[in-house]
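Let me begin by presenting the structure, written as structure tokens, before commenting on it.
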Amino acid sequence: MMLGQTRIFLGMAKDGLLPRFFADVHPVRKTPGKSTVLVGALVSLVAAFTPIGVLSELTSFGTLFAFAMVCLAVWLLRRREPGRERPFRVPALGVIAPLGILTNALLIVMLSPLSQGLAAAWLVMGLLVYFGYSRHRSHLHPR
């Protein structure tokens, strides 16, 4: 997951959503080496000082939230761009997507209040980064 995260940061940095540091790749290996070291160090610190139960619930929150967002995104794309070519279609999307969103939301609600609070704080930090830095530097939507 950490190696995958560095590749996500690489893509985001190329789009202007993160500082250029995250887009730097090693000249020989062509991997985001600096980002890999930074992410590894941060994950090591969090793992060293956070109880495993909290970490597992935060991981669950992230996964459930991502699944809910995918359900919402697929549903919205189907409605907003019905003519778009799709190599795979979800049958009964009008039922499946809302049920997926609801199921994931219910599972999130069942997490501990501490995990919910930490996850909410993390989401707020992400929104601050987006609106404070990324939105104005995006190459995808130049202003």
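The values are calculated or read from the model by the stated rules, or taken from the named source; none is laboratory data. Bear in mind the structure is a predicted one, so any value in this text is a computation, not a measurement. We place every Cβ from the backbone using ideal geometry, glycine too, and count neighbours over all the protein chains shown.
Here are the numbers:
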item	result
Residue under evaluation residue 111, criteria (1) in a helix (DSSP H, G or I); (2) at pLDDT 90 or above; (3) not assigned by TED's automatic domain parsing to the domain that holds residue 5, criterion not met	(1)
Qualifying helices (runs of 4 or more DSSP H) (wholly inside region 1-102; at least 1 residues being out of contact with any Gly (no Cβ under 8 Å at 6 or more places or on another chain), surrounded by 14 or more Cβ atoms within 10 Å (Cβ to Cβ) and among the acidic types (Asp, Glu))	52-80
Residue 86, sole failed condition from (1) farther than 17 Å from residue 73 by Cβ; (2) charged (D, E, K, R); (3) without any contact (Cβ under 8 Å) to a residue 12 or more places away in the chain	(1)
